[in-house]
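The values are calculated or read from the model by the stated rules, or taken from the named source; none is laboratory data. Not measured: the values here are computed from a predicted model. Quick reminder, even Gly has a Cβ in these numbers, built from the backbone with ideal geometry, and neighbours come from all protein chains shown. Side chains are part of the model used for accessible areas, which takes the heavy atoms of the whole protein and leaves out ligands, DNA and RNA. Shrake-Rupley method; radii C 1.70, N 1.55, O 1.52, S 1.80 Å.
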Amino acid sequence: MILVTGVNGSLGSLTLAALRARGVEAIGGSRTPGEGVRLLDFDQPSGIGLTGVSTLVLVSAGYAEDDQVIRRHAAVLDAAARDGVQHVIYTSLTGAGDHLGFALAHRSTERLVRGSGLGWTILRNGLYAELFGALLMWNGDAVESAFGEGALSAVAREDLADVAAVVAGDPERHSERVYDLVGAPITAPVVADGLGVAHRTIGLGEYRRRLLDAPGLLPFQPPMLSSIATSIRHGFLENTGTDLQALLDRPSRDPLAVAVAAAGAARPGPS
């Protein structure tokens, strides 16, 4: 049986849905369980139970500080080894992302995965096209960003979920493989063109000030988002590769269209 963690999140829920659409026996795991979803709270290691699971899709629990993320991942990997899981698939970060503020937790987890004694596959996911679109900031009838003319090899979240489902359906075929899953490079001005509006570039200092003033952001988020902006702006996330299309059993989704849709959905309504 396959278990997908984090199924109350977008990537986890899409991965579970993709597996079930293929007729594969799979369940979800979450700290808020429900029908077909097992209780898995990575912050309560003694309660992590993976009995009966042969393949674990470990969706990164990266929405926290590095020490907490790594501790969570170590706890679930320990439980997997204890309970007889045979193979773990970890959703990591694209190899070009080592300049990003959240890369260390991914690379540390990759070490834990390789040293777990389990069969393993690492999916180094590119940044979501949905995220790129959502990070454009509306100002009147234009969008602003700190990305400048820099490109991001963005990928649709649903494509990443489908790849995870493909790999989980035949894990032995992908044993001890690291796949870099990125899409076609897109830029903020091109997304703005797709929206039919202008794009204005702001400085990184101004972007950081806006993030620090934004309500609701956790302390680790402004530096994380700033690292995304500077990496895109200075050309460190425009890597390309063939792994995504090679693993998909259909054409990949257009990241530009996905980003445009996400940015359009965030457009403020009339006041």
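Going through Ile27, Ile70 one at a time, which residue ends up being under 18 Å from Ile122 (Cα atoms), at pLDDT 95 or above and of a type outside the set (Asp, Glu)? Reasoning before the result, please.
Details: Ile27 fails: under 18 Å from Ile122 (Cα atoms).
Checking each option against the conditions leaves just Ile70.
Regarding Arg173, is this residue part of a helix (DSSP H, G or I), open to solvent by 30 Å² or more (accessible area, probe 1.4 Å) and within 29 Å of Glu144 (Cα to Cα)?
Numbers: part of a helix (DSSP H, G or I): yes; open to solvent by 30 Å² or more (accessible area, probe 1.4 Å): yes; within 29 Å of Glu144 (Cα to Cα): no.
So Arg173 fails the test.
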Unmet criterion (only one of (1) open to solvent by less than 50 Å² (accessible area, probe 1.4 Å); (2) acidic (Asp, Glu); (3) without any contact (Cβ under 8 Å) to a residue 12 or more places away in the chain) for Asp83: (3)
Which count do you get for residues in the stretch 242-260 that are part of a loop (DSSP other than H, G, I, E, B) and either over 18 Å from the mean Cα position of the chain (by Cα) or surrounded by fewer than 17 Cβ atoms within 10 Å (Cβ to Cβ) (or both)? 6
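Kindly evaluate Ser46 against the criterion of being without any contact (Cβ under 8 Å) to a residue 60 or more places away in the chain, polar (S, T, N, Q) and surrounded by 18 or more Cβ atoms within 10 Å (Cβ to Cβ).
Values: without any contact (Cβ under 8 Å) to a residue 60 or more places away in the chain: yes; polar (S, T, N, Q): yes; surrounded by 18 or more Cβ atoms within 10 Å (Cβ to Cβ): no.
It is false that Ser46 is without any contact (Cβ under 8 Å) to a residue 60 or more places away in the chain, polar (S, T, N, Q) and surrounded by 18 or more Cβ atoms within 10 Å (Cβ to Cβ).
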Residues that are among the small types (Gly, Ala, Ser), open to solvent by less than 40 Å² (accessible area, probe 1.4 Å) and touching a strand residue (DSSP E or B) at 6+ places or on another chain (Cβ under 9 Å), drawn from the stretch 223-241: Ala229, Ser231, Gly235
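Do we have Ala165 as among the aliphatic types (A, V, I, L, M) and open to solvent by 20 Å² or more (accessible area, probe 1.4 Å) here? So that I can check it myself, show each step before the final result.
Working: among the aliphatic types (A, V, I, L, M): yes; open to solvent by 20 Å² or more (accessible area, probe 1.4 Å): no.
Criteria not met by Ala165.
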Identify all residues within the stretch 132-159 that are open to solvent by 50 Å² or more (accessible area, probe 1.4 Å), outside any loop (DSSP other than H, G, I, E, B) and more than 30 Å from Val85 (Cβ to Cβ); write none if there are none. Ala134, Asn139
Residue tally, condition without any contact (Cβ under 8 Å) to a residue 60 or more places away in the chain and either outside any loop (DSSP other than H, G, I, E, B) or of a type in the set (S, T, N, Q) (or both), over the stretch 216-241: 2
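Can you say whether Leu104 is open to solvent by less than 20 Å² (accessible area, probe 1.4 Å), more than 13 Å from the chain's Cα centre (by Cα) and either closer than 30 Å to Ala184 by Cβ or among the hydrophobic types (A, V, I, L, M, F, W, C) (or both), as far as the supplied structure shows?
In short, no.
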Could you give every pair whose Cβ atoms fall below 7 Å, whose first residue belongs to the stretch 201-215 and is within 15 Å of Trp138 (Cα to Cα), and whose second residue is in a helix (DSSP H, G or I), counting only separations of at least 6 or pairs across chains? Tyr207/Ser226; Tyr207/Ala229; Leu211/Pro222; Leu211/Leu225; Leu211/Ser226
Residues (among the hydrophobic types (A, V, I, L, M, F, W, C) and open to solvent by less than 30 Å² (accessible area, probe 1.4 Å)) located in the stretch 176-198: Leu181, Val182, Ile186, Ala188, Val191, Ala192, Val197
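Considering only residues that are loosely packed, with under 14 Cβ neighbours inside 10 Å and basic (Lys, Arg), which ones fall in the stretch 201-222? Outline the logic, then answer.
Applying the first criterion (loosely packed, with under 14 Cβ neighbours inside 10 Å) to the stretch 201-222 yields 203, 205-206, 209, 212-219.
Arg209, the sole residue that qualifies.
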I'd like the residue in the stretch 1-43 that is β-branched (Val, Ile, Thr) and more than 16 Å from Ser60 (Cα to Cα) and, out of all such residues, is least open to solvent (accessible area, probe 1.4 Å). Ile2
